[in-house]
Amino acid sequence: MFPDDLDYYEASTVEEALELLEEHAMAETELLAGGHSLLPAMKSGLSSPDVLIDIGEIDPMHGVSVEGETLSIGAMTRYSDLLDADAAHEHAPALTEAVSHVGDTQVRNRGTVGGNLAHADPASDLPGAALASDATLVAAGPNGERKIPVDEFFFGMYATALDPDELLVRIEVPSAADSVGAYAKKASPSSGYAVVGVSALLDTDGGTVRSARIGANGVLDHGVRLEGVEDELDGVTLDDERIEAAAARASEGLDTDLLMDDLQASAEFREHLLEVYTKRALEKTSERVGTLAAAD
Ligand SMILES: Cc1cc2nc3c(=O)[nH]c(=O)nc-3n(C[C@H](O)[C@H](O)[C@H](O)COP(=O)(O)OP(=O)(O)OC[C@H]3O[C@@H](n4cnc5c(N)ncnc54)[C@H](O)[C@@H]3O)c2cc1C
């Protein structure tokens with residue numbers, strides 16, 4: 001199926017994109033980033049914008065830089081460019097590992113980190129990792145920039161704190177250079193998207209956990225923190241028993257009435273997968289903590 005006729009604009013600056021959003025505020029408008037969610041939706045008739053604003057040529061929205069203790073990721077940074085950046089692996093290990101699980105090479109060469117987070121598909125890989133990484137999402141709008149803590153960003157299926165007249169310009173991640181991160185994913189056998197994915201970021205001293213942030217996608221209609229797991233890990237020395245106990249609390253505090261329940265997995269099976277993949281993510285971090293401790 002071909003998309004309906006539409007007006008196409010290419011913005012070369014953030015200001016230009018914002019002006020176009022304002023000018024077409026009354027129309028059905030979409031921003032075109034990597035196009036790897038939007039174009040399939042348009043071709044299948046799920047999305048029919050009248051106006052498409054291409055933000056791919058806005059230079060300051062591309063690339064990765066380190067400013068003090070913060071890793072700054074332009075929203076238009078393609079997954080493959082993030083994976084090529086040593087700074088991303090060093091400062092955002094959980095997010096970088098989740099990015100390596102997105103789709104295939106073709107998808108990673110076109111899709112963008114900002115597009116993934118702004119689209120907020122519950123089955124995508126990055127919401128949980130952004131939550132585990134304590135990211136801040138920086139939106140540009142008519143009144144300048146505003147910073148949205150990731151804990152306030154995801155609302156529901158395809159729903160975020162971004163206003164229609166805003167665009168996400170960059171993602172700021174506090175450096176986790178001294179932490180260990182991991183991502184464990186049950187991929188859909190048909191699409192490769194996450195049935196359940198769990199990201200863990202642990203700040204440790206030797207084998208002892210100083211603090212833990214755990215995020216998950218695929219479970220509810222939006223990314224969530226696993227606070228029961230985080231509590232269980234606080235101050236403990238990681239071993240098999242502790243990991244088992246933490247994973248057992250994976251669905252604690254989640255509204256189980258809101259668990260995703262679809263053709264990929266029933267709500268009950270998803271809850272089971274959440275525990276299993278939490279355990280796998282923690283086992284990976286534990287191995288890496290061991291490797292770090294051995295290197296000290
Ligand atoms: C075959 C295939 C397999 C895939 N597998 C996976 C997978 O395993 N895991 C996974 O996570 N994803 C997967 N994806 C989705 C892919 O990661 C998309 O790239 C991503 O979801 C959207 O990013 P994008 O840059 O392509 O955004 P687009 O498709 O261009 O845009 C998506 C939406 O976000 C909005 N948007 C984009 N950028 C911004 C911005 N800067 N500010 C505000 N709004 C913005 C757009 O207006 C649009 O509504 C897959 C896609 C395909 C086609």
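Could you look through segment 165-194, keep only residues that are in a strand (DSSP E or B) and more than 22 Å from V150 (Cβ to Cβ), and pick out the one that is nearest to the ligand (Cβ to nearest atom)? Going through the qualifying residues, I end up with A187. With the requirement that a residue be under 19 Å from I55 (Cα atoms), more than 8 Å from the ligand (Cβ to nearest atom) and touching a residue at least 24 places away in the same chain (Cβ under 8 Å), what does segment 133-150 give you? Correct list: L137, V138, A140, G141, P142, E145. So, in segment 234-257, how many residues would count as being over 20 Å from E287 (Cβ atoms), open to solvent by 70 Å² or more (accessible area, probe 1.4 Å) and among the basic types (K, R)? Selection size over segment 234-257: 0.
Inspection of segment 113-121 identifies no residue that is more than 9 Å from the ligand (Cβ to nearest atom) and either of a type outside the set (D, E) or part of a helix (DSSP H, G or I) (or both). Of all residues in segment 79-96, those that are out of contact with any helix residue (DSSP H, G or I) (no Cβ under 8 Å at 6 or more places or on another chain) and either assigned to a helix (DSSP H, G or I) or open to solvent by less than 10 Å² (accessible area, probe 1.4 Å) (or both) total 7.
When residues in segment 102-132 are screened for being on the phi > 0 side of the Ramachandran plot and without any contact (Cβ under 8 Å) to a residue 12 or more places away in the chain, 0 of them pass.
The residues listed here are D231, D261; of these, the one that is surrounded by fewer than 22 Cβ atoms within 10 Å (Cβ to Cβ), in contact with a helix residue (DSSP H, G or I) (Cβ under 6 Å, 6 or more places away or on another chain) and without any contact (Cβ under 8 Å) to a residue 40 or more places away in the chain is D261.
Report, by residue number, each residue of segment 58-69 that is touching a strand residue (DSSP E or B) at 6+ places or on another chain (Cβ under 7 Å) and more than 13 Å from the ligand (Cβ to nearest atom). Correct list: G63, V64, S65, E69.
Within segment 151-163, not a single residue is of a type in the set (V, I, T), away from the ligand (no atom under 14 Å from the Cβ) and either assigned to a loop (DSSP other than H, G, I, E, B) or open to solvent by less than 30 Å² (accessible area, probe 1.4 Å) (or both). When S37, S72 are screened for being in contact with a Ser or Thr (Cβ under 7 Å, 6 or more places away or on another chain), among the small types (G, A, S) and either within 11 Å of the ligand (Cβ to nearest atom) or farther than 19 Å from A187 by Cα (or both), only S72 passes. Those strands (runs of 3 or more DSSP E) of segment 1-78 in which at least 2 residues are among the aromatic types (F, W, Y) and open to solvent by 30 Å² or more (accessible area, probe 1.4 Å), considering only elements entirely within it, cover 7-10.
Taking every residue in segment 189-200 that is farther than 19 Å from L282 by Cβ and pairing it with any residue that is within 12 Å of the ligand (Cβ to nearest atom) and among the charged types (D, E, K, R), at least 6 positions away or on another chain, the pairs with Cβ-Cβ distances below 9 Å are G192/D104; Y193/D121; Y193/D125. Scoring A248 on the criteria (1) over 22 Å from the mean Cα position of the chain (by Cα); (2) modelled with pLDDT under 95 leaves a single failure, condition (2). The sole residue among G181, G207 that is out of contact with any Phe, Trp or Tyr (no Cβ under 9 Å at 6 or more places or on another chain), at pLDDT below 95 and either β-branched (V, I, T) or more than 30 Å from T13 (Cα to Cα) (or both) is G207.
The values are calculated or read from the model by the stated rules, or taken from the named source; none is laboratory data. In this text the structure is predicted, and so the values were computed from the model without any measurement. As a convention, Cβ positions derive from the backbone with ideal geometry for all residues, glycine included, and neighbour counts pool all protein chains shown. When the accessible area is computed, the model is the full protein with side chains, heavy atoms only, and any ligands, DNA or RNA have been set aside. Shrake-Rupley method; radii C 1.70, N 1.55, O 1.52, S 1.80 Å.
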